[in-house]
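Novice: Could you have a look at this structure, given as structure tokens, before my questions?
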């Protein structure tokens, strides 16, 4: 039996398993903040990360998943560097294979988080870059 997938089906599925930086910010603002997991290397983590994220490199994720996310039905967002990196896909796949039911990938990753002018924490403190006009609106009234 062949299943027919419509465009609406495809996009509904895509939205169920992906989120973007602005939607993650909105989730945090409305109190439905998911657990955010950074699967990049130690050096990448030190360089900068999303505030409140938990660092679990992909190589350690399967072994540490229950430690950082004991509830397999909790909302989780996984991120890596950006669109040129599939680390978040690998991390989300690892968690899904382990039985986590609400795993989403942060499309654009850390790169687009920064490019949208959102806060970043590094080993040197908290910072924020001006939004990239190709990714976020720029205030033209200034």
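Every read-out reported here was derived from the displayed coordinates using simple, explicitly stated rules and does not represent laboratory data. Treat the numbers as computed from the prediction; the structure is a model and nothing was measured. Counting neighbours? That spans all protein chains shown, and the Cβs are built from the backbone with ideal geometry, glycine included.
Novice: How much length, in nm to one decimal, is gained on full extension between residue 55 and residue 73, taken as 0.36 nm per residue of separation minus their Cα-Cα distance?
Specialist: That pair, residue 55 and residue 73, stretches by 4.5 nm at full extension.
Novice: Please work out the Cα center distance from the range 41-69 to the range 1-25, rounded to the nearest Å.
Specialist: Distance between centres, Cα-based: 26 Å.
Novice: Moving on. Rounded to two decimal places and with Rh computed the Kirkwood way over Cα pairs, what is Rg over Rh for the range 98-142?
Specialist: Rg/Rh: 1.14.
Novice: Could you tell me how many cubic angstrom of Cα convex hull volume the range 16-127 has per residue?
Specialist: Convex hull volume per residue, Cα atoms: 96 Å³.
Novice: Still on this model: Mind putting together the pair-distance distribution for the range 63-130? All Cα pairs, 5 Å bins, whole percent per bin, short to long.
Specialist: Taking all Cα pairs of the range 63-130, the binned fractions are 4, 17, 22, 19, 17, 14, 6, 1 percent.
Novice: Next question. Run lengths n ≥ 4 of DSSP H only: what is the helix-derived mean residue ellipticity at 222 nm for the chain, with -39500 (n - 2.57) per run over all residues, to the nearest 500?
Specialist: Calculated at 222 nm, the ellipticity per residue is -11000 deg cm²/dmol.
Novice: Enumerate the residues in the range 98-118 having an amide nitrogen under 17 Å from the point lying 7 Å beyond the Cα of residue 25 toward its Cβ.
Specialist: 106-118
Novice: State, as an integer percentage, the relative contact order of the range 55-95 based on alpha-carbon contacts under 8 Å between residues 6 or more apart.
Specialist: About 47 percent, as a whole number.
Novice: So what is the relative contact order for the chain, in percent, with contacts set as C-alpha pairs under 8 Å and at least six apart?
Specialist: After rounding, I find 24 percent.
Novice: In whole Å, largest first, what are the principal axis extents of the Cα atoms in the range 33-83?
Specialist: 30, 24, 20
Novice: While we're looking at this one, here's another question. Sort 85, 80 so the one with the fewest other Cβ atoms within 10 Å of its own Cβ comes first.
Specialist: With the sparsest Cβ surroundings first, the list reads 85, 80.
Novice: Still on this model: Only counting other Cβ atoms within 10 Å, I'd like 5, 35, 95 sorted with the fewest neighbours first.
Specialist: Arranged by neighbour count, lowest to highest, 5, 35, 95 become 5, 35, 95.
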